[in-house]
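Take a look at the structure set out below.
FYI, it's all coordinate maths here, none of it is from the lab. Computed from a prediction, not measured in an experiment: that's the story for all the values here. Every residue, glycine among them, receives a Cβ derived from its backbone with ideal geometry; neighbour counts consider all protein chains shown.
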Amino acid sequence: MNIKPYSKYKPSGIEWFGALPSHWVVKRLRFATERIEQGWSPQCDNQAADDDAWGVMKVGCVNGDQFDASENKALPPELDPKTEYELRPGDVLISRANTRELVGSAAIVPSDVRSKLLLCDKLFRIALSPEVDAAYLTFCLRTRAARFQYEQDATGASGSMQNIGQDAIKNLVFPFPSYAEQQQIAAFLDWKTSQIDALIAKKQALLQKLKEKRLAVITQAVTKGLNPDAPMRDSGIAWLGKVPAHWGVKRLKFVAHVGNGSTPNREDSAYWDGGTYPWLNSSVVNQEQVTNADQFVTPLALSECHLPRISPPAVLVGITGQGKTRGMATTLLFEATINQHLAYVKPDEAKASVGFLRRVFDMAYAHLRIESENGGSTKGAITCEQIAELPIPVPPLDEQVVISERIDMALAKLARMSDNAKSAITRLTEYRSALITAATTGKIDVRGWQAPQETV
């Protein structure tokens, strides 16, 4: 693809646009639109509407630069739809309320959109002037320049929810070539970004396969061992299945000690000011290993607040919350204490390897979450008692060590592959963004571009 710059440029007067092709103009969106409206958000059912039923769009329907028709809530049958808010093919939608990263997200409603989908009041719908191409403007709305303008105008006391008003949308500044040139730029970007998105999707699919492979490696080694010819027996535990005949199956409490911690009163400075002893919260389970702390408590806190002194090696397990951290585990590599949202598992080193126990918890993640939900808690919690009563396979100690080492080697290889895929996604995403910016600010001339002919 040999695409060159334009032959003549002029100063745009806008720092983030730089020089523009000499025949382009810069104008505020208010001069390129006929009206901006927001929709209707009645009290709706939580589930998405059936394909032949009325639904009200959720603000997330425009996240990710693509319109997602499934992001809707079913309109209750007792409510009459406000049909003036029904979405139409070619509608340009912008989120007016969302997180700082997502507020201002834009998408165009595709030509094959189903009927009976209604605009919500957290979305703007823009009716454009005849000289503005909807697809071109949508690409402009996705640029770094647009994001910069959104962030200048977004309001809201909460860091998690920001708002932009109609005036902020109307005051957005964009460069505009002729209508025909807008269409050409949009066609080029649509074709090129679809290629990039396909590559990103392949890398994301690879990441999911690697994630599944990781769990398969752990589960196979922890429950079946390393000898494929070893005689097997029924463990008597449904979620464990068969294990090597020479292995034991025991409750965790018979090979390790389980406990948890607390959070000293934040208002008592004697517990925190000048603290030197590491104190950990449940966010550490997002790490493969815990090697440092960013919060510290005082000796007084250790003596008065029922805080355990946990020496390595030990496993830490997240035990509360509806998020993914409940049931996740990590390995503690230095002496520390923990809060009440973590449990620690300290193995009897004559009976259990910490590396093996860590992988047992990786395998038992789904089981522990189900067990904690069966307890009836609306918030989701795993008790120390549930962890202590967890039935686990117990190979001979030397075999545990070898299994743990083999797993670590296999996971390291998978981690490298995963890191490479993530890096590729980052590069592709950055390239996509840069390409959109380059095309919509006239840094490349695509007027003579034609989509390659598909080969049979």
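Remarks
- Gain in span if fully extended, VAL113 to ASN265, counting 0.36 nm per residue against the direct Cα distance: 49.3 nm
- Placing unit charges on the Cβ atoms only, positive for Lys and Arg and negative for Asp and Glu, gives the chain a dipole magnitude near 1060 debye about its Cα centre.
- Segment 1-110: chymotrypsin sites (Phe, Trp or Tyr not before Pro) in DSSP loop, at most 16 other beta carbons within 10 Å: TRP16, TRP40
- Folded to 0 to 90 degrees: helix 144-153 orientation relative to the chain principal axis, Cα: 80
- Amide H contacts under 5 Å for TYR6: ASP445, restricted to partners 5 or more places along the chain or on a different chain, H placed in the peptide plane at 1.01 Å from N.
- Per residue, the average separation of C-alpha pairs within less than 8 Å and at least 6 apart gives segment 25-176 a relative contact order of 32 percent.
- Relative contact order of the chain, defined on C-alpha pairs under 8 angstrom at six or more residues apart (%): 16
- For segment 379-443 versus segment 202-228, the gap between their alpha-carbon centres in whole angstrom: 11
- For the chain, the residue among THR331, PRO264, GLN195 whose Cα projects farthest onto the positive side of the dipole built from Cβ charges is GLN195.
- Distance between the 7 Å Cα→Cβ label points at ASP45 and GLN183: 4.2 nm.
- Between segment 278-326 and segment 345-370, the alpha-carbon center distance in angstrom: 17
- Cα gyration tensor shape of the chain, rounded if a/c is under 1.5, else prolate or oblate by comparing a/b with b/c: prolate
- Modelled this way, with points 7 Å down the Cα-to-C-beta line, the labels at GLU37 and ARG88 are 0.9 nm from one another.
- Taking label points 7 Å from Cα along the Cα-to-Cβ direction, GLU151 and ASN163 give a separation of 2.2 nm.
- Sum of -39500 (n - 2.57) over DSSP H runs of 4+, divided by residues of the chain (222 nm, nearest 500): -10500 deg cm²/dmol
- For ALA256, the residues whose amide H sits under 5 Å from its own are ASP348, ignoring neighbours fewer than 5 places away on the same chain, with H placed 1.01 Å from N.
- Three-way shape label, segment 226-394, alpha-carbon gyration tensor, a/c 1.5: prolate
- Rounded tilt (10° steps) of 397-440 against the dominant C-alpha axis of the chain: 10
- Cα gyration tensor, segment 139-276 - rounded (a/c under 1.5), prolate or oblate: oblate
- Folded to 0 to 90 degrees: helix 354-373 orientation relative to the chain principal axis, Cα: 70
- Karplus-derived HN-Hα couplings along segment 85-100 (A = 6.51, B = -1.76, C = 1.60, θ = phi - 60°), whole Hz, x at Gly and Pro: 9, 5, 5, 10, x, x, 4, 9, 10, 10, 6, 9, 9, 5, 5, 4
- Distance violations [Cα-Cα > 28 Å] among LYS202/LYS413; LYS73/LYS209; LYS122/LYS192; LYS116/LYS211; LYS116/LYS192: LYS73/LYS209; LYS122/LYS192; LYS116/LYS211; LYS116/LYS192
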